[in-house]
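Everything below concerns the one structure shown next.
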Amino acid sequence: MIVREPVLRTPPRNVLQACGQRVFQIIGEIGRASMICFGGIAQMRYVLRKRSRKEVVRQLHVCAVKSLPVVTVVAFFIGMILALQIGIELRRYNQETLIGPAVMASMLREMGPFMSGLVLAASVGAAMAAQIGTMMVNEEIAALEIMDINPIRFLIMPRLAAMALTVPLLSFYTCFVGLLGGAVVSYTQLSVPWAVYWQNAMDYASMKALYVGLLKAFLFGFTIVTVSCYEGFCTRNGAVGVGQATRRSVVTNFLVILVIGYFVTRLFY
């Protein structure tokens, strides 16, 4: 396994050397995580085989079905918060009817993929890191290799395939539920009729915003699996290491999702 053996380094003699070692360590971690991601993509040719297909379906159930209640609640209240905050400002200019387009653009372009990615990173990603980390400290990964079973194909590929399908779908679902929450607030607190809200939202909906949001969600799915599985493979020191790997996976996923979201938006807009 490409991340099994720890890298031994001499203790730094000064702050500059410590910073240099940290930079090279981060570059090495990015490289090893990328190798895991590309290895999983390369194994996608086996995704339709019987054993892999069953595992992909199981991962789809974990990623999509079990995450649906949390995503629904988060999306509904995010839409309500957006509509309320935007509506308060628009009411100063007597432009409450523009709440629908504002919520639509925000959910499609940013908040839909962003919130679904964060929810999946905190729930599914943490579970992946904990599961693979437990297998790592119990030497189950080594047992797979001894039995000539490719851990990348057996563990990473089904999760990549499931996330690549799940996150864009949940992102679109999040957009719809967020719009529904915004409609409730607009009608009950800002006196915007349902028909006006939905008509304006659909009139100003942009296919480019939809495509950009789905691209972000797709990239977030790959990011969550890559980071979580990498942290799981790097787990050491028993149960304590499993907890540390789980925490690192959540924190790193949040940071990478923010960075990727910004650069994708900057690229297209």
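Quick rundown of the values:
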quantity: Residues satisfying the stated conditions in segment 107-128, i.e. among the polar types (S, T, N, Q) and open to solvent by 10 Å² or more (accessible area, probe 1.4 Å); calculated: Ser123
quantity: Any hit, segment 43-59, residues being open to solvent by 40 Å² or more (accessible area, probe 1.4 Å), out of contact with any helix residue (DSSP H, G or I) (no Cβ under 9 Å at 6 or more places or on another chain) and β-branched (Val, Ile, Thr); calculated: no
quantity: Number of the condition not met by Arg248 [criteria: (1) open to solvent by 40 Å² or more (accessible area, probe 1.4 Å); (2) more than 25 Å from Met157 (Cβ to Cβ)]; calculated: (2)
quantity: Filter pass, Ile152 being open to solvent by 10 Å² or more (accessible area, probe 1.4 Å) and either without any contact (Cβ under 8 Å) to a residue 12 or more places away in the chain or closer than 16 Å to Ser228 by Cα (or both); calculated: yes
quantity: Yes/no for Phe24 being among the aromatic types (Phe, Trp, Tyr) and under 21 Å from the mean Cα position of the chain (by Cα); calculated: no
quantity: Within segment 224-238, considering residues that are surrounded by 24 or more Cβ atoms within 10 Å (Cβ to Cβ) and out of contact with any Ser or Thr (no Cβ under 6 Å at 6 or more places or on another chain), the one nearest to Ser171 (Cα to Cα); calculated: Ile224
quantity: Those residues of segment 14-30 which are more than 24 Å from Thr226 (Cβ to Cβ) and open to solvent by less than 100 Å² (accessible area, probe 1.4 Å), in sequence order; calculated: Asn14, Gln17, Ala18, Cys19, Gly20
quantity: Identity of the residue in segment 170-209, of a type in the set (S, T, N, Q) and within 29 Å of Leu120 (Cα to Cα), that ends up nearest to the chain's Cα centre (by Cα); calculated: Ser171
quantity: For Phe38: the one exception among (1) closer than 27 Å to Leu267 by Cβ; (2) open to solvent by less than 70 Å² (accessible area, probe 1.4 Å); (3) not aliphatic (A, V, I, L, M); calculated: (2)
quantity: Residues located in segment 168-183, provided they are of a type in the set (A, V, I, L, M, F, W, C) and farther than 22 Å from Leu84 by Cβ; calculated: Leu169, Leu170, Phe172
quantity: Residue under evaluation Pro113, criteria (1) within 27 Å of Leu255 (Cα to Cα); (2) outside any helix (DSSP H, G or I); (3) not hydrophobic (A, V, I, L, M, F, W, C), criterion not met; calculated: (2)
quantity: Residues located in segment 194-211, provided they are of a type in the set (A, V, I, L, M), surrounded by fewer than 21 Cβ atoms within 10 Å (Cβ to Cβ) and part of a helix (DSSP H, G or I); calculated: Ala195, Val196, Met202, Met207, Leu210
quantity: Residue list for segment 173-193, filter: part of a helix (DSSP H, G or I), open to solvent by 10 Å² or more (accessible area, probe 1.4 Å) and over 20 Å from Glu110 (Cα atoms); calculated: Val184, Tyr187, Thr188, Gln189
quantity: Some residue of segment 65-83 being open to solvent by less than 80 Å² (accessible area, probe 1.4 Å), over 30 Å from Met202 (Cα atoms), of a type in the set (S, T, N, Q) and part of a helix (DSSP H, G or I); calculated: no
quantity: Residue satisfying condition, being farther than 28 Å from Gln131 by Cα and touching a residue at least 60 places away in the same chain (Cβ under 8 Å), within set Lys216, Lys208; calculated: Lys208
quantity: Which numbered condition Arg92 misses (of (1) in contact with a helix residue (DSSP H, G or I) (Cβ under 9 Å, 6 or more places away or on another chain); (2) within 21 Å of Val185 (Cβ to Cβ); (3) open to solvent by 30 Å² or more (accessible area, probe 1.4 Å)); calculated: (1)
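The values are calculated or read from the model by the stated rules, or taken from the named source; none is laboratory data. Computed from a predicted structure; not experimentally measured. Here Cβ is always computed from backbone atoms with ideal geometry, including for glycine, and neighbour counts include all displayed protein chains. Ligands, DNA and RNA are stripped out before the accessible areas are found, and what is left, the full protein with its side chains, is counted by its heavy atoms. Shrake-Rupley method; radii C 1.70, N 1.55, O 1.52, S 1.80 Å.
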